[in-house]
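First the structure, in the form of structure tokens, and then the observations on it.
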Amino acid sequence: MSTQAQTAEVKEPVYPVPTEFAKTAHIDAAKYQEMYAQSVNDPEAFWGEHGKRLDWIKPYTQVKDVNYNFGEVSIKWFHDGTLNVAYNCIDRHLEKRGDQTAIIFEPDNPDDEAQHITYNELHDKVCRMANVLRSQGVTKGDRVILYLPMIPEAAYAMLACARIGAIHSIVFAGFSPDALANRVNDCGAKVIITADEAPRGGRVTPLKSNADAALLHCSDKVRCLVVKHTGGQTTWVDGRDVDVNALMEHAAPECPVEEVNAEDPLFILYTSGSTGKPKGVVHCSGGYLVYAAMTQELVFDYHEGDVYWCTADVGWVTGHSYIVYGPLANGATSLMFEGVPTYPDAGRFWAVCEKHKVNQFYTAPTAIRALMGKGTEFVEKYDLSSIKTLGTVGEPINPEAWNWYNDVVGKGKAPIVDTWWQTETGGHLLTPLPGATALKPGSATTPFFGVQPIVLDPTTAEVLEGATEGVLCIADSWPGQMRTVWGDHERFQDTYFSQYKGYYFSGDGCRRDEDGYYWITGRVDDVINVSGHRMGTAEVESALVAHAKVAEAAVVGYPHEIKGQGIYAYVTLMNGEEPTEELRKELEKWVRTEIGPIAKPDLIQWAPNLPKTRSGKIMRRILRKIAENDFGALGDTSTLAEPGCVDELIENRMNRG
Ligand code: ATP
Ligand code: MG
């Protein structure tokens, strides 16, 4: 299989690779072509070679052992090799770059000083933390829950677990005690590591009290290790609670690494839950790290000495792969930001970029849209000339936001990598390589090495060729793929391998254009069928957001007597815009002209706030229930950032009758 994008003439290369960029890039168009072909024609040889980017204790002789057959699904990479992940992210760099900054920590409050943590310091801290964990009885294979703010201790704790072969599972600092307790119990954690408080946007979340509340529903054997961060007051349970800072101070600054198999779990991460009960996604040590490191270097075109910033939270998979594991395995300088994009004002991201001379910047469309609404003056105040590559992840980026990101932030000079991937995939699957791929705003473009996208007809499961639209599956495995659902291999097989036999089913829909570019149309569950026409909700949302008065929109289907399904649009207006009947008519007309009469929303509900996960994704399954007037069965709402907005939407819905 080949990607047609680079072989056939790209008819509308909306944004070709800047010539200067291609000259110094790791991968140019010809190289991409050559390596991609090798990666799918002979994956064993390709990954056998690229697996060597890690230091192995016992080098692998086996590269790949994968079975996608439903009922016997099993995925293994480099499975007779052994290594240590923390060694690869820290120790092996010490000789060459012990004094180089590994992590820049930018605190929530811009008046607090930033920290520069060198690889030597990182080694010291991680060893101490690892020794503290050992002193609490944590050994290889034990589970440790991290419930921490975006502070360096979060990275120390992740790497400390990796150092001793323990499995970490991070729970967003914004989650409720219930959500925390569920995860502690699901994975049978021995220890929680938390902090007194988590500041964010000038407000604090009482993490330790949340942990106290959660622990009421957990085994009384679970220990609670507490990092002192703000110094805020906490209650203390003797015999259960442990002062991490005090113990670290007295712990030995050396800690031998545990040798683990490539297939030993590195972490469990519960998915954000936009589609249902969170699943404990399991990622393992060898293949995951190879894939995270390789994509971090090539997708962002990271070079020695660059400062790289991914704005995600470590509680999201993006934070795992692209703040901690990928960059540190590459010996990079990775920026960790505790705050939010709009505090103290909408210029914070750009102030931080200027201050630390950021070279690669990676964020989510939801943040871009929020900042776009605040005006360009917040960006223009700052010198952003250090930025070389921009990235986006999390949902389809509407062309409106893409253009703003490109023009206002990147000044038209920084390629935008729109990276499509999932918690389950460990790293990027569809993405431009900035020195190789001409960009089309809104398209995640072409596959990364080793990734074979397949488009299938959703009902007949027939493989569709050429320019087409359908469900997105992947034909073969890649090293970063999840291995199982924690404690429930059956659910793993059911979710990803039962619908379309022999393929990994992503759950997303996509369109492939005549140049072989992929356009994610949203989750398959979000496709609506209006009078026999199938439509991705993303398209209608994109049209609505293109209207000058609309800040954000979420579209779902609802039962409609005549059409089968009708289009229900939740619309958030720009600051200061009035929700009038006139504007409603105007928006209906707008969508008609932008897409066509078939896409005209049947109902528009004004939504001052939309229900979102902590990673900023709209929970359409809740909006669907509200649109259907089914308020009783909203499902798991424990991962919502602001649960209150659901009641508000229900109330508005009821008032509409
Ligand atoms: P859950 O699986 O628990 O319902 P989730 O799917 O939101 O939650 P993630 O794994 O964080 O959890 O998100 C992956 C999904 O995000 C993808 O399946 C896709 O729908 C969307 N997505 C991510 N990146 C992009 C992108 N660049 N373009 C379009 N969609 C994207
Ligand atoms: Mg998902």
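The values are calculated or read from the model by the stated rules, or taken from the named source; none is laboratory data. None of these values were measured; they are calculated from a predicted model. FYI the Cβ positions are ideal-geometry reconstructions off the backbone, even for glycines, and counts take in every protein chain you see. Heavy atoms of the whole protein, side chains included, go into the accessibility calculation; ligands, DNA and RNA do not. Shrake-Rupley method; radii C 1.70, N 1.55, O 1.52, S 1.80 Å.
Just to be sure before I move on: is GLY174 buried (at least 19 other Cβ atoms within 10 Å of the Cβ) and touching a strand residue (DSSP E or B) at 6+ places or on another chain (Cβ under 8 Å) in the structure I sent?
On the way: buried (at least 19 other Cβ atoms within 10 Å of the Cβ): yes; touching a strand residue (DSSP E or B) at 6+ places or on another chain (Cβ under 8 Å): yes.
When the stated conditions are applied, GLY174 passes them.
Do the conditions hold for GLY536, that is, is it within 16 Å of ligand 1 (Cβ to nearest atom) and either without any contact (Cβ under 8 Å) to a residue 40 or more places away in the chain or touching a Lys or Arg at 6+ places or on another chain (Cβ under 8 Å) (or both)?
yes
Which residue pairs have Cβ atoms closer than 6 Å, lie 6 or more positions apart in sequence or on different chains, and pair a first residue in region 370-399 that is more than 17 Å from ALA553 (Cβ to Cβ) with a second residue that is of a type in the set (D, E, K, R)?
Every condition considered, the pairs that remain are TYR382/GLU354; ASP383/GLU354; SER386/LYS357; THR389/ASP301; THR392/ASP418.
Identify the residue in region 411-451 that is more than 30 Å from VAL290 (Cβ to Cβ) and away from ligand 1 (no atom under 15 Å from the Cβ) and, among all such residues, is most open to solvent (accessible area, probe 1.4 Å).
Out of the qualifying residues, it is LYS413.
Looking at region 276-295 only, could you name the residues that are modelled with pLDDT of 95 or more and within 16 Å of ligand 1 (Cβ to nearest atom)? If you could, list the steps in order and put the result at the bottom.
We begin by selecting, within region 276-295, every residue modelled with pLDDT of 95 or more; these are 280-295.
GLY280, VAL281, VAL282, HIS283, TYR288, TYR291, ALA292, THR295, listed by residue number.
Among the residues of region 347-366, write down those that are out of contact with any strand residue (DSSP E or B) (no Cβ under 9 Å at 6 or more places or on another chain) and open to solvent by 10 Å² or more (accessible area, probe 1.4 Å).
ALA351, GLU354
Against the definition (in contact (Cβ under 8 Å) with a residue 60 or more places away in the chain, away from ligand 2 (no atom under 16 Å from the Cβ) and not aliphatic (A, V, I, L, M)), how does GLY435 come out, yes or no? Before you say what the answer is, go through the steps one by one.
Numbers: in contact (Cβ under 8 Å) with a residue 60 or more places away in the chain: yes; away from ligand 2 (no atom under 16 Å from the Cβ): yes; not aliphatic (A, V, I, L, M): yes.
So GLY435 passes the test.
Going by the conditions given, is VAL126 at pLDDT 95 or above, of a type in the set (A, V, I, L, M, F, W, C) and under 17 Å from GLN481 (Cβ atoms)?
Answer is no for this residue.
Residue by residue through region 369-402, note down the ones that are modelled with pLDDT of 95 or more and either crowded, with 23+ Cβ neighbours inside 10 Å or under 14 Å from VAL417 (Cβ atoms) (or both).
Of everything in region 369-402, those that are modelled with pLDDT of 95 or more and either crowded, with 23+ Cβ neighbours inside 10 Å or under 14 Å from VAL417 (Cβ atoms) (or both) turn out to be ILE387, LYS388, THR389, LEU390, GLY391, THR392, VAL393, TRP402.
Just need a number here: residues in region 56-86 that are in a loop (DSSP other than H, G, I, E, B) and either on the phi < 0 side of the Ramachandran plot or open to solvent by 40 Å² or more (accessible area, probe 1.4 Å) (or both).
Looking only at that region, the number is 17.
For region 108-122, enumerate the residues that are farther than 30 Å from ALA346 by Cα and buried (at least 23 other Cβ atoms within 10 Å of the Cβ).
Passing the criteria: TYR119, LEU122.
What are the residues in region 517-535 that are buried (at least 20 other Cβ atoms within 10 Å of the Cβ), away from ligand 2 (no atom under 16 Å from the Cβ) and hydroxyl-bearing (Ser, Thr, Tyr), if any?
Passing the criteria: TYR517, TYR518.
Spot the failing condition for GLU552; the list is (1) within 16 Å of ligand 1 (Cβ to nearest atom); (2) under 21 Å from MET372 (Cα atoms); (3) in a helix (DSSP H, G or I), and only one is missed.
(3)
May I ask you to say which residue of GLY273, GLY232 is within 16 Å of ligand 2 (Cβ to nearest atom), surrounded by fewer than 22 Cβ atoms within 10 Å (Cβ to Cβ), at pLDDT below 95 and within 28 Å of VAL204 (Cβ to Cβ)?
The conditions single out GLY273.
Given (1) closer than 30 Å to ARG143 by Cβ; (2) more than 15 Å from ligand 1 (Cβ to nearest atom); (3) without any contact (Cβ under 8 Å) to a residue 60 or more places away in the chain, where does GLY466 come up short, assuming only one miss?
Against the list (1) closer than 30 Å to ARG143 by Cβ; (2) more than 15 Å from ligand 1 (Cβ to nearest atom); (3) without any contact (Cβ under 8 Å) to a residue 60 or more places away in the chain, GLY466 comes up short only on (1).
Condition (residue is in contact with a strand residue (DSSP E or B) (Cβ under 9 Å, 6 or more places away or on another chain) and outside any loop (DSSP other than H, G, I, E, B)) applied to region 375-385: is it met by at least one residue?
no
Could you tell me which of the residues THR295, THR333 is crowded, with 22+ Cβ neighbours inside 10 Å, within 15 Å of the chain's Cα centre (by Cα) and away from ligand 2 (no atom under 16 Å from the Cβ)?
None of the other options fit; the residue is THR295.
Keeping to region 579-608, report how many residues are among the small types (Gly, Ala, Ser) and under 19 Å from GLY532 (Cα atoms). If you could, list the steps in order and put the result at the bottom.
Here is the first cut: in region 579-608, the ones among the small types (Gly, Ala, Ser) are 596, 599, 607.
Checking which are under 19 Å from GLY532 (Cα atoms) leaves us with 596, 599.
Counting residues in region 579-608 that are among the small types (Gly, Ala, Ser) and under 19 Å from GLY532 (Cα atoms) gives 2.
Please find, among ALA86, ALA29, the residue that is out of contact with any Lys or Arg (no Cβ under 7 Å at 6 or more places or on another chain) and in contact (Cβ under 8 Å) with a residue 24 or more places away in the chain.
None of the other options fit; the residue is ALA29.
Here are LEU384, LEU390: which of them is within 16 Å of ligand 1 (Cβ to nearest atom) and either of a type in the set (A, V, I, L, M, F, W, C) or out of contact with any Asp or Glu (no Cβ under 7 Å at 6 or more places or on another chain) (or both)?
Among LEU384, LEU390, only LEU390 is within 16 Å of ligand 1 (Cβ to nearest atom) and either of a type in the set (A, V, I, L, M, F, W, C) or out of contact with any Asp or Glu (no Cβ under 7 Å at 6 or more places or on another chain) (or both).
Considering region 602-630 alone, what residues qualify as being modelled with pLDDT under 85 and open to solvent by 50 Å² or more (accessible area, probe 1.4 Å)?
ARG614
Among PHE267, PHE349, which is under 30 Å from PRO59 (Cα atoms) and either within 15 Å of the chain's Cα centre (by Cα) or more than 16 Å from ligand 2 (Cβ to nearest atom) (or both)? Quick ask: steps written out before the conclusion?
Values: PHE349 fails: under 30 Å from PRO59 (Cα atoms).
Answer to the selection: PHE267.
Scan region 456-472 and give yes if some residue there is crowded, with 18+ Cβ neighbours inside 10 Å, within 15 Å of ligand 2 (Cβ to nearest atom) and in a helix (DSSP H, G or I), otherwise no.
no
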